[in-house]
Amino acid sequence: MIVILLGSPGSGKGTQCKRLADKYGFQHLATGDIFRAEIAAKSSIGAKAQDYLKAGKLVPDSIVIEMVAGKIDPGGKYLLDGFPRTVDQATGLAGMLKRVQANINLVVNLTLPKDEAIRRMASRRTCSGCGEVFNTITRPTQVEGVCDKCSGKVVQREDDSEATSAKRLMVFEDLTQPLVAYYRSESNLVEVDASQNPDKVEAALSAVIDAAKGGA
Ligand code: AMP
C-alpha cells in the first residue's frame, strides 16, 4: 500500500506520518529527513543537496527521483512525506511504481492557511539527534533545548527561519500545489483540514486510510 501526504511546510506531515507509521506499520519515507541525514553524514547526495536546503529551494528532480528509486520495494507499505513535490517527480514516481507493479492507493492533501503555516514553522523546534519535533507553544521540551526522548540538542531548523520559511511557502505554491490538481485527476485524493489539533488530524487521516485499505 502506498499513501502520499501532500501539504505545505508546517502542515504537520512529518508528525502525522510518524504517528501513522507506528499505527499501521508503514515505512515512513520523508525526503527532507533523508536529505538532512545525508548532509549530516557528509555523503555525496548530502553535498549535492545542502545548498538547496539552506536556501529553501527544491533539490533538482533527477537527484530526488534517483534517491527515492533505491528505497521503494515492490509489495512494501509506504507513507511518502515530502515526495513527490513537483509534477515531474510525480510522473517519475508513476514510472517507478509501474516497473514494480505497485499503485498509489491514496493521496491526502493536508490543508492549512498560509499565516498558520508561517506561525507553526516559527515555533517549530527539532531534535538534532533523533529528529523528534517540538513546538515552543504547543509542545515545549521539558528542559529547554533538550530532547525529551533522546536528550539530544533541540534547535530551530535552519530553513525554519522567517526568511527561508517564506521562500519555502512560495516554492510550495508554485511547484507543489499543482500536484493537488494532478492527483485529483490521477488518483484517489482526499483533503484533510490540518488546522485542527494533531489528535483530530490523526483521527481524520486514520479514517481515510481505513477506507482506502478497505478498497485496496
Ligand atoms: P521538508 O523536511 O520536507 O520540509 O524538506 C526540507 C527541504 O528538503 C526542502 O525545502 C527541500 O530543499 C528538500 N526536499 C525535501 N524533499 C524534496 C523533494 N521531494 N524535492 C526537492 N527537494 C526536496
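The values are calculated or read from the model by the stated rules, or taken from the named source; none is laboratory data. Note that the structure is a prediction, hence the values are computed from the model and not measured. Every residue, glycine as well, gets a Cβ built from its backbone with ideal geometry; the counts of neighbours run over all protein chains shown. Heavy atoms of the whole protein, side chains included, go into the accessibility calculation; ligands, DNA and RNA do not. Shrake-Rupley method; radii C 1.70, N 1.55, O 1.52, S 1.80 Å.
Working note: Debye formula, equal point scatterers on the alpha-carbon atoms of the chain, no solvent; log10 I(q)/I(0) at q = 0.09 Å⁻¹ is -0.34.
The candidates Arg19, Arg124, arranged from most to least accessible area with a 1.4 Å probe in the full protein assembly, appear as Arg19, Arg124.
Rg over Rh for the range 44-145 works out to 1.02, using Cα positions for both radii and the Kirkwood form for Rh. On the basis of the beta-carbon distance and an R0 of 35 Å, Met96 and Ala122 show a calculated FRET efficiency of 0.50. Close amide-amide hydrogen proximity is noted between Glu191 and Asn109, each under 5 Å apart and 5 or more residues distant or on a separate chain (H modeled in the peptide plane; Pro and chain starts excluded).
The label point for Asp88 and the one for Arg184, both projected 7 Å from the Cα toward the Cβ, are 2.5 nm apart. With contacts taken as Cα pairs under 8 Å and at least 6 residues apart, the chain reaches a relative contact order of 29 percent. Per-residue ellipticity at 222 nm, computed for the chain from helices alone with -39500 (n - 2.57) per DSSP H run of at least four residues, works out to -14500 deg cm²/dmol. Listed by chain and number, the lysines whose C-alpha is less than 24 Å from the C-alpha of Lys153, apart from same-chain residues fewer than 8 away, are Lys13, Lys18, Lys42, Lys54. Annotation for Glu158 and Glu144: the two label points, set 7 Å from Cα along the Cα-Cβ direction, are 2.5 nm apart.
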